[in-house]
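The values are calculated or read from the model by the stated rules, or taken from the named source; none is laboratory data. The shown structure was predicted, so the numbers you read here are calculated from the model rather than taken from an experiment. Because the Cβ atoms are built from the backbone with ideal geometry, glycine has one as well, and the counts that use them run over all protein chains shown. Please note that ligands, DNA and RNA were not included when accessible areas were found on the heavy atoms of the full protein model with its side chains. Shrake-Rupley method; radii C 1.70, N 1.55, O 1.52, S 1.80 Å.
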Amino acid sequence: MELPPKVKNILLLDSEGKRIAAKYYSGDWPTNTAKEAFEKAVFSKTQKTNAHTEVEVTALENNIIVYKFVQDLHFFVSGGEEENELVLASVLQGLFDAVNLLLRGNADKREALDNLDLIFLCFDEIIDGGIVLETDANVIAEKAGINSIDPNAPLSEQTISQALATAREHLTRSLMK
Amino acid sequence: MAQPFVKKDDDHDDEMEYSPFMGIEKGAVLQEARVFNDAQVDPRRCSQVITKLLYLLNQGESFTKVEATEVFFSVTKLFQSKDTGLRRMVYLIIKELSPSSDEVIIVTSSLMKDMNSKIDMYRANAIRVLCRIIDGTLLTQIERYLKQAIVDKNPVVSSAALVSGLHLLRTNPEIVKRWSNEVQEGVQSRSALVQFHALALLHQIRQNDRLAVSKLVGSLTRGSVRSPLAQCLLIRYTSQVIRDMSNHGQSGERPFYEFLESCLRHKAEMVILEAARAITELDGVTSRELTPAITVLQLFLSSPKPVLRFAAVRTLNKVSMTHPMAVTNCNIDMESLISDQNRSIATLAITTLLKTGNESSVERLMKQITNFMSDIADEFKIVVVDAIRSLCVKFPLKYRSLMTFLSNILREEGGFEYKRAIVDSIVTIIRDIPDAKEGGLLHLCEFIEDCEFTYLSTQILHFLGIEGPKTSDPSKYIRYIYNRVHLENATVRAAAVSTLAKFGFMVESLKPRITVLLKRCIYDSDDEVRDRATLFLSVLGGDGTLDADKDSKEFMFGSLEAPLANMETSLKNYDPSEEAFDINSVPKEVKSQPLAEKKAQGKKPTGLGAPPAAPASGFEGYERLLSSIPEFAAFGKLFKSSSPVELTEAETEYAVNVVKHIFDNHVVFQYNCTNTIPEQLLERVNVIVDASEAEEFSEVASKALNSLPYDSPGQAFVAFEKPAGVPAVGKFSNTLTFVVKEVDPSTGEAEDDGVEDEYQLEDLEVVSADYMVKVSVSNFRNAWESMNEEDEHVDEYGLGQRESLGEAIKAVIDLLGMQPCEGTETVPSNARSHTCLLSGVYIGNVKVLVRAQFGMDSSKEIAMKLAVRAEDASVAEAIHEIVANG
C-alpha cells in the first residue's frame, strides 16, 4: 500500500492552455495524447476562475487539482482524490514562489520560456517520482538557480553575491585559457 | 465556448508571439547536439542545447532508439566539464532519456565519482540519477555509498538517498531492507524533510510486519515529529494500525484515538485536516469521536482560503453519507457556501445540504438552489439534479416542491446531458411515487412542446405511451402528442404516431378519435411516419377477437426479448442468404459485464436510460424469459426474482451467478454461466443441485445449456416444486457439470472429443426475504391507518448486543427483504431509539406494513417492538415467525 502523499503531475500552461512545461509522475496518462486531453480539460475547467490571489482547487476525473495563475502563466498540481489538498497546495505554492523568485518577480510566459531550464530544474527539485522532495520556495530556487546568473547582465542588476560569482567565473575562465 | 478560443489565437498571431523555441525542429536540434563532442566544451552553448532537447521531450516529441542512444553517448562526454550549471542539466537529461542497462555502464563511474564529490549538489543529484537508471547488480556495488548518504550531514543528500530508497524498494526490496539502521537514524533527523522521507521509507520497509509498524507508530506518537508532512504520514500510519487492530477483535477504548484528536490542535492546517479526515474515516466511528473533527472542519468552512473550504466541505460531504446527523451543525455555514466563487465548493455544499437536510428544510433549500442554478456549469447542475432525485425518493411527501423545481429548471437553458438528467429524475419520481405521476407526465408534455433534443422527445413520447393510458384522464395528453405530429422532425413524428396508437389501443373510448388523427398522418411526407400510421390504423381497426388483440398487444407493448447488444451482434454476423434471419437465434441472456465496467456501475443511469440497456434482466425481462421456456410456462405468474447471487469468486475459470425466481408453487434457479477461458468450449452444461438440506423442495425439471463458448454467457435452469403459498426455506449445494472441448485459438474451431468435468460452486440459500417484494408507499401513515387495526400483530424481541442501532436495523431490513419508507432506515448518530417503517408485498400478493421500534440500552443491548399490519392476519404472523427464527 502506498501511503506517502503522491503528486500525479505538475503542469505549467499558458493563457491558451498550451503546455509550457509538464511533468507526469503517474501512469494514468500513458500517451502524449492522453496528457494533452487532460491538460485541455483542466484548462477549460479553470480558465474562467480567478486564481491570481489565492490557490484555487477543483476536482476532475477522480483527481484533485490545485492551481494558481500569474500573468499568462497557469500553474497546476494534481493528486489522487484521496490526497490531502493542503499537501498539494503546499507543493503548488512552493513551485509558484520558486518560479517567481527565479524569474525575479516578472513571471510571465516569455520569461518562463527564456528560462525554461530553470523551470525544468525547479520541477526536478520539488518532486522526485511523485514524492514531495522540497516545498520551501527559497530552498528550491536556490538549488535550481545555480546558473541563473547572466554574465552579460549589467552589474547594477546583480546582487553582490551574484556579482562575485560572475567575477569568479570570469577569473577562472581567463586563467584556464 | 470554442468561439472565443479561435479568436484569441488569431489575435496572437497578429502580434507574432515571441518564443525562443519558435520553429524548433528535432532534426536540427539533434545536429546541434554534436557540440557536446567538441574538444573544448562550451557550457553555455551545451546547456542551451540540452534545454532544447528537454523542451522537445516535454512537448511530447519522441526520440527513436538510435537517436536517444546517440544523444546519451554525447551527453556523457559533458562530465569532463567542471561547470556546475551544465552538470545539473546533464543529470536532468540523463533521467529523461532513461538509457538502457547496457548503456548505463558508461555513466556509472562518472556518477559514482560525483556521489563522493565534495559538492553537496553533485552528491544529491548523482544519487537520484544513478538510482533511477541502475539495476540490481550495480546497486550492490554502490550500496555502501547510499547507506553513507542516508546519514550525510547535508539534509539534501540525505533526502535524495532516502527518496531513492523508496523508489528502489519496489524493484530491489531485499537490498533496501538492509538499510533500516541508517533510516532509523534519519527519522531522528533535525531536518523536517529528512524526517519525512525517512519515516516513509522505514514504514515501507516494515509494512508487512504488523507488530513493528504498531511499535513504530506507538513510539512516534509519543515523541515529537517536527515536519507537518511527516506528521500527516504518521496520522495515515496510525489509522492503518487502528484498522488492523479492530480487525483483530480488540475491543474497549479505541487505541491512538487520543493521538488523532491531539493532532486536531496542531499548528499546521495540513495536519489538522489529515487528522480530521482520519477520524471521520474510522470504522464504526461514534458521534462522540466524530464531534471534535466536525468542529475543526466547521471552522475551515469559513476560511478565506478556497483550498481549506474545499477540503472541509468535501470531507463533510463524505461524512453526510454515513452520519447525516453529525453534519447538521454545519448547515448554516454550508448554506453560505452555496454562493461561493469556487463552483466546486458550492456544488459540494449543495449536495451535502441535500443529504443532511430534513423534511422541513427541503422547501427553503430548494429556494436557495434556484438562485444558484442559473450561474453554474452543466456538469455541476447534473450533480445537483442527481442529489434532488435521491432526496425525493427519501422524502416522498415532498415530491411536489421537488417536482416543481425540476420542471422549472427543465424549462431553462441547458445542454443535452443536463436535460437528460432532469428528465431521468422526473421519470424516476413518477415510477417511485404514484401520486406524482399525473403532474409529472404533464411536465414532460410541456417540455416536449419546446424540446430541441430529438432523443429526449422520442424517449418521453415512448414513456407517455406506456404510462399515459393508465392515468385517470388519458385524453388530456392527446393534444400534446398530436402537436408533435405537426411541428417536429420525422423521427419525433414517427414516435408520436406510435404513442397515439398506444392510447387508442388501451383506451377504448379514445379509439375513434385516435383513428381520425392517425388517418391524417398517412399523408405525411416521411415514409416511416406513413408506414407506422397505416400499420397502426389496421391494428386499431382489427376485428377485436381475443387472438388478434393479444398479438397486437404483444407487438405494441412487448419489447424485444433479446438484449439490443446481442441483436446487433447477431445481425452483424448474419450472412444474407436464402435463409431468413431468425430472431429466436439471438441469445437472450445479458452479457455479464467485464470487471472494469462493474466498477463503473455506480454511475449507472436510472430512469429512461436504464430499461433499454438490459431488457432481459429486471423483473419483466425475467418474466418473458421464463414464460418462453416450455418447462416453466405452466408455473403461473412470476412473483419475484432475486438479484443475482455470485456462486464463484471473481476471476475464476467459470463465472456463475444465480437468480432465484419465486412462483406460487415453484422456485426456479437461473444459473448465469460465463466461460472465461478462450481455449475451451463447454458443452452440455448442467447444474446438479443437492437439496438434501431443503426438505420442502423437490426437483421437477432442469434445463441444461447445450453449448457455452468463450465469453458468451448462457443459462442453465433448475426448477423445484414447493408447497403452495408457503415461504419454504432451505440450503442447496450446486455442482456445475459439463464436457470440455479444446478450441484452437487460431481457427476458433473446437476439437471433436471432449472430456467430462465438474466444478464445485458455492451453496445457495432460499430465505424468507425471497418471498417479499419491496414496494414503497408514498404516505406510510395513510397506508398504515387504512389497514385493519384488528389485524395488527405486535411482539417484542431482544436482538442482543450490536455495534449500533443502524446495524440492527439493517439486519432486520435484510432479514425481511422489505422497502424502508420515508428515509427511516438512517438513524441519527446519537439516537438511543429509532422507529423504522417498512413496506412490502408478501407471497400471495399480500400487502404488508411494518413499524419497528428499536431501543438500545447502555450495554448496547437492542430491543425491538415489531408491529405488523397485513391484509391477511396469517401473513402478519408469518412475518413475526421470520423474525423469531432469524
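So what is the calculated 222 nm ellipticity per residue for the protein assembly as shown, using -39500 (n - 2.57) for each DSSP H run with n of 4 or more, over all residues, to the nearest 500 deg cm²/dmol?
Computed mean residue ellipticity for the protein assembly as shown: -16000 deg cm²/dmol.
Label B:R170 and B:D378 with points 7 Å out from Cα along Cα→Cβ: what is the distance between them in nm?
3.8 nm
Holding the Cα-Cα limit at 32 Å, pick out from B:K660/B:K741; B:K26/B:K77; B:K118/B:K267; A:K8/B:K398; A:K40/B:K113 the pairs that are longer than that.
Pairs exceeding the cut-off: B:K118/B:K267; A:K8/B:K398; A:K40/B:K113.
What's the center-to-center distance, using Cα atoms, between region B:190-224 and region B:750-808 in Å?
Between the Cα centre of region B:190-224 and that of region B:750-808, the gap is 47 Å.
With a 1.4 Å probe on protein heavy atoms only, tell me which residues of region B:179-224 lose at least 20 Å² of accessible surface in the complex relative to the chain by itself.
Relative to the lone chain, where solvent access is computed with a 1.4 Å probe, region B:179-224 loses at least 20 Å² at B:L193, B:F196, B:H197, B:Q204, B:Q207.
If you roll a 1.4 Å probe over the heavy atoms of the protein chains, what accessible area per residue do you get for chain B, in Å²?
So chain B comes to 48 Å² accessible per residue, rounded to a whole number.
Ranked by accessible surface with a 1.4 Å probe, highest first, in what order do B:F79, B:F416, B:F720 come?
B:F416, B:F79, B:F720
Within a 10 angstrom radius of each residue's Cβ in B:298-308, how many Cβ atoms of other chains show up on average? Whole number is fine.
4
So between B:K865 and B:Y797, what do we pick up on full extension, going 0.36 nm a residue minus the alpha carbon distance?
Working: separation 68, 0.36 × 68 = 24.48 nm, distance 0.63 nm.
Taking B:K865 through B:Y797 to full extension adds about 23.8 nm, to one decimal.
Could you compute the FRET efficiency for B:A268 and A:A34, with r as their C-beta to C-beta distance and R0 at 56 Å, rounded to 0.05?
Once the sixth-power term is evaluated, E becomes 0.95.
Please give every one of the lysines within straight-line cross-link reach of A:K6, meaning a C-alpha to C-alpha distance under 16 Å, and leave out same-chain neighbours fewer than 8 residues apart.
In chain and number order, the partners are A:K23.
Could you sort the peptides B:507-514, A:57-64, B:851-858 by per-residue average Cβ neighbour count (10 Å cutoff), highest mean leading?
Numbers: B:507-514: 14.8, A:57-64: 18.4, B:851-858: 16.5.
Descending packing order for the listed peptides: A:57-64, B:851-858, B:507-514.
Run the simple label-point estimate for B:N181 and B:E452 please: 7 Å along Cα→C-beta, distance reported in nm.
My value for the distance between the label points is 7.5 nm.
Please check region A:61-89 for residues whose accessible area, probe 1.4 Å, is lower by 30 Å² or more when all protein chains are in place than in their chain alone.
Buried by 30 Å² or more upon assembly, which counts only protein chains, are A:E82, A:N84, A:E85, A:L86, A:V87.
Ignoring ligands, DNA and RNA, what accessible area per residue does region A:1-125 give at 1.4 Å, in Å²?
I get 35 Å² per residue for region A:1-125.
If DNA, RNA and ligands are ignored and the probe is 1.4 Å, what is the ranking of A:D117, B:D209, A:D128 by accessible area, most exposed first?
Ranked list, largest accessible area first: B:D209, A:D117, A:D128.
First measure r as the distance between the Cβ atoms of B:A831 and B:E877, then evaluate 1/(1 + (r/R0)^6) with R0 = 35 Å and state the FRET efficiency to the nearest 0.05.
Values: r = 30 Å, r/R0 = 0.85.
Once rounded, the FRET efficiency stands at 0.75.
Going down the table (B:K381/B:K774; B:K318/B:K419; A:K18/A:K45; A:K45/A:K68), which pairs top 22 Å between alpha carbons?
Pairs exceeding the cut-off: B:K381/B:K774; B:K318/B:K419.
Probe radius 1.4 Å, ligands and nucleic acids left out: can you give me the accessible area buried at the A-B interface, summed over both chains, in Å² to the nearest hundred?
Approximately 5400 Å² gets buried when A meets B.
On average, how many beta carbons from a partner chain sit within 10 Å of the beta carbon of a residue in A:41-48?
2
Between B:E623 and B:D38, what length comes free when the chain is fully extended (0.36 nm per residue of separation minus the Cα-Cα distance, one decimal in nm)? The partial results should precede the final answer.
Numbers: separation 585, 0.36 × 585 = 210.60 nm, distance 8.22 nm.
Gain in length upon complete extension: 202.4 nm.
Would you check the accessible area of A:S26, probe 1.4 Å, heavy atoms only, in square angstrom rounded to 10?
Surface accessible to solvent at A:S26 totals approximately 30 Å².
For B:E579 and B:S19 in the same chain, what is the full-extension length gain: residue separation times 0.36 nm, less their Cα-Cα distance, in nm?
Values: separation 560, 0.36 × 560 = 201.60 nm, distance 6.77 nm.
Value of the extension gain: 194.8 nm.
So how do B:Y145, B:Y622 rank on accessible area, 1.4 Å probe, biggest first, that is with the largest at the start?
Numbers: B:Y145 50, B:Y622 20 Å².
So the residues, ranked largest to smallest area, are B:Y145, B:Y622.
With the full set of protein chains in place, find how many percent of the accessible area of chain B is carbon and sulfur; take the probe as 1.4 Å.
Reported share for carbon and sulfur atoms: 49 percent.
Please give the FRET efficiency for B:S746 paired with B:E695, using the beta carbon to beta carbon distance and R0 = 51 Å, rounded to the nearest 0.05.
0.45
Would you mind giving the mean number of other chain beta-carbons within 10 Å of the Cβ of each residue in A:120-133, as a whole number?
6
Could you report the accessible area of B:S339 in Å², rounded to 10, computed with a 1.4 Å probe on the protein chains as they sit in the structure?
Near enough 90 Å² of accessible area.
State to the nearest 20 debye the size of the charge dipole of the protein assembly as shown about its Cα centre, where the only charges are +1 on K and R beta carbons and -1 on D and E beta carbons.
The dipole magnitude comes to about 4360 debye.
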